[in-house]
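The values are calculated or read from the model by the stated rules, or taken from the named source; none is laboratory data. Only a predicted model underlies this, so the values are computations on that prediction, with no experimental measurement involved. Every residue, glycine among them, receives a Cβ derived from its backbone with ideal geometry; neighbour counts consider all protein chains shown.
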């Protein structure tokens, strides 16, 4: 593991993800394609010039993490001007980050909009959410059909229970016929779920 991987300031002491590393390892001419995408242009056109210049030059030069000039300023800028990044770096995978990723909480600004527009980021997570719900709905229908219209669903690691809520909103016939028990270790997620179902 390189020093840049080990000291990735955005991810604290966690190594840079292999997918991102793969992009840094591309030849320069291939990297230019990413910088010329509509999403990247939208991001860089809406960032301060010093931020976009540093990010572009670092990406093209195979430099990342603490090896980037003024990296701390970049990290501070992203943390101040994003709702997703602080949630992602403080507690990766928690419900607060997913609430933003799944578009349940409004996001503003070029950083968060860029992440949500990218197929590998926000769009992939949002598509996953809907795919999981679609498959779960199909399963619930078959359980209800086989069990005289009654069923019990256990959602482990449920966060605030968005999957169950979404299922019942899309399929009103589930209401009163299925009980959904949500379990999560995050008390804030459970509290949010209780607020959502009131």
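Take the conditions (1) at pLDDT below 90; (2) over 23 Å from residue 87 (Cα atoms); residue 181 misses just one of them, which is (1).
Residue count for segment 178-189 satisfying the condition of being over 21 Å from the mean Cα position of the chain (by Cα) and farther than 16 Å from residue 155 by Cα: 0.
Across segment 138-181, the number of residues qualifying as part of a helix (DSSP H, G or I) and closer than 22 Å to residue 98 by Cβ comes to 11.
For residue 106, the conditions (1) modelled with pLDDT under 85; (2) closer than 23 Å to residue 191 by Cα; (3) part of a helix (DSSP H, G or I) are fulfilled apart from (3).
The residue that is surrounded by the fewest Cβ atoms within 10 Å (Cβ to Cβ), counting only those in segment 125-143 that are more than 24 Å from residue 179 (Cβ to Cβ) and touching a helix residue (DSSP H, G or I) at 6+ places or on another chain (Cβ under 8 Å), is 126.
Looking only at segment 110-128, residues that are in a helix (DSSP H, G or I), closer than 14 Å to residue 44 by Cβ and at pLDDT below 75 come to 1 in all. Among the residues of segment 45-63, just one is in a loop (DSSP other than H, G, I, E, B) and crowded, with 17+ Cβ neighbours inside 10 Å, namely 47. The residue that is surrounded by the most Cβ atoms within 10 Å (Cβ to Cβ), counting only those in segment 64-73 that are assigned to a helix (DSSP H, G or I) and touching a helix residue (DSSP H, G or I) at 6+ places or on another chain (Cβ under 6 Å), is 65. Within segment 148-172, residues that are at positive phi and at pLDDT 90 or above have Cβ atoms under 8 Å from residues that are part of a helix (DSSP H, G or I) and crowded, with 17+ Cβ neighbours inside 10 Å in these pairs: 161/193, counting only partners at least 6 apart in sequence or on another chain. Checking each residue in segment 186-198 for being touching a residue at least 12 places away in the same chain (Cβ under 8 Å) and outside any helix (DSSP H, G or I) picks out only 186.
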